[in-house]
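In what follows, a structure is listed as structure tokens, so that the remarks can point back to it.
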Amino acid sequence: MKKMVVVLMGLIFVFSLSGVGVAQEKGKPGKPAEAAKPAEPAKPAEAKPEAAKPEAAKKEAPAKPVAYRMGGSVVSVDAAAQKITIKQDSVKQQKKVTLSVGKKAAKDLAGINVGDVVNVWVTDKTVTGITKIF
């Protein structure tokens, strides 16, 4: 009797798992009807020159500026040109990056010296914030 209950419970468990697999939707095939359509004949260039203008007027929206945080040690600071060079050692490859400093971050540039470890917030190669770590 105990074996029958164990076998019955095992079957219920197996069927419950297989129900999830059956419920999945299969991928939809592409539309072969569109591929079979013949190409439209070429229109003469004289037909409608106005038709080309709306297509040329459509422009892609400018890309959003990339904002990120990076950290490293300061290699050089040029307060007059508002530029800072940071060396990163803890990435796969060491890299030095020279960035221009924005107006808001320029006031924090005075407290930064060569050899300091800093975190900088960058938007399109312009430093928007500087925090001295040590």
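None of the figures in this text is laboratory data; all of them are computed from the coordinates on show. Source: prediction; values computed, not measured. Neighbour counts are summed over all protein chains in view; Cβ atoms, including those assigned to glycine, are modelled from backbone coordinates with ideal geometry.
For the cross-link pairs Lys64/Lys132; Lys59/Lys132; Lys59/Lys92; Lys59/Lys96; Lys64/Lys87; Lys64/Lys96, the ones whose C-alpha atoms lie over 30 Å apart are Lys59/Lys132; Lys59/Lys92; Lys59/Lys96.
Neighbour counting of Cβ atoms within 10 Å sorts the residues Phe13, Phe134, fewest neighbours leading, into Phe134, Phe13.
When you count the other C-beta atoms within 10 angstrom of each residue and take the mean per peptide, 94-104, 60-70 line up highest first as 94-104, 60-70.
Just so you know, the Rg over Rh for segment 67-132 is 0.92, from Cα atoms, with Rh as the Kirkwood radius.
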